[in-house]
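Any read-out appearing in this document is the output of simple, stated calculations on the displayed coordinates, not a laboratory observation. None of the values given here were measured: they were computed from a predicted structure. Cβ: placed from backbone, ideal geometry, glycine included. Neighbour counts: every protein chain shown.
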Ligand code: NDP
């Protein structure tokens, strides 16, 4: 990229491992991408730091705990020196937590914790990112969701999977957030995206997809999405997921 060309700018949460790390890795293969990689503890994000050695694009690492609302509200001060004149093209809200539980045994505090991290944090993050998104031409918000939050999909799952409660509840709420954000801001393209079942700490080693394959699909889906796709629930391969 020439020094005067405007980069395509990305903010990815939960960027230190799993799908978030792979997203940052693949985005940095392009010299035109500037990636702001957010993680809870940058000092321990060695895999992320290592990407700088091979990156063709530009990497900035910022500290962000999406369950800490004060931390999210303070994020613009970290973003301003990086994105101030350029704005933010893509917000990728990826960080999330999982717990194995069931509807009649769940710990209500645990449920609140999942809703805090998986829904309220992403909602507030989109609010604080709005001025940066508004300043850029692309204006895309991607919420990494899950078919676990799709009632139409869960009814087809084996009972053992279908029993899990707090995580699917949080992702179903996230899906509604996507729709509400799309309705309120037609100038944005807001998408809920299921990455598939991916080999990460959350997905486990028996998962069907490598992070490489899932993420190459995710990048294709979000870069080719148009405003017509806003409010949709899509899979990493571009297929629609029923709500
Ligand atoms: P991992 O558990 O492998 O990684 C989760 C990431 O989220 C880590 O970087 C973790 O950081 C971060 N994170 C968790 N809590 C917070 C927080 N409070 N603040 C900031 N970062 C946080 O998960 P995946 O990579 O597999 O999942 C990524 C996304 O994909 C999630 O939204 C998940 O729900 C979704 N998904 C995953 C599937 C799969 O099969 N893997 C299937 C369907 C959806 P830290 O290291 O600090 O904990």
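Here is how the numbers come out for the structure above:
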{"item": "Any hit, region 110-130, residues being away from the ligand (no atom under 15 Å from the Cβ), touching a residue at least 60 places away in the same chain (Cβ under 8 Å) and out of contact with any strand residue (DSSP E or B) (no Cβ under 7 Å at 6 or more places or on another chain)", "result": "no"}
{"item": "Index of the failed condition, residue 168 passing every other in (1) in a loop (DSSP other than H, G, I, E, B); (2) within 13 Å of the ligand (Cβ to nearest atom)", "result": "(1)"}
{"item": "Residue check, residue 145 out of contact with any strand residue (DSSP E or B) (no Cβ under 8 Å at 6 or more places or on another chain), closer than 23 Å to residue 23 by Cα and within 12 Å of the ligand (Cβ to nearest atom)", "result": "no"}
{"item": "Considering residues of region 44-73 that are away from the ligand (no atom under 12 Å from the Cβ) and in a helix (DSSP H, G or I) only, the residue surrounded by the most Cβ atoms within 10 Å (Cβ to Cβ)", "result": "51"}
{"item": "Which numbered condition residue 195 fails, given (1) farther than 22 Å from residue 114 by Cα; (2) within 13 Å of the ligand (Cβ to nearest atom)", "result": "(1)"}
{"item": "Matching residues, region 232-242, being surrounded by fewer than 18 Cβ atoms within 10 Å (Cβ to Cβ) and touching a helix residue (DSSP H, G or I) at 6+ places or on another chain (Cβ under 6 Å)", "result": "237, 238, 242"}
{"item": "Among (1) touching a helix residue (DSSP H, G or I) at 6+ places or on another chain (Cβ under 9 Å); (2) more than 17 Å from residue 175 (Cα to Cα); (3) surrounded by 13 or more Cβ atoms within 10 Å (Cβ to Cβ), the one test that residue 84 misses", "result": "(3)"}
{"item": "Positions within region 208-237 being farther than 18 Å from residue 141 by Cβ and part of a loop (DSSP other than H, G, I, E, B), in sequence order", "result": "208, 210, 237"}
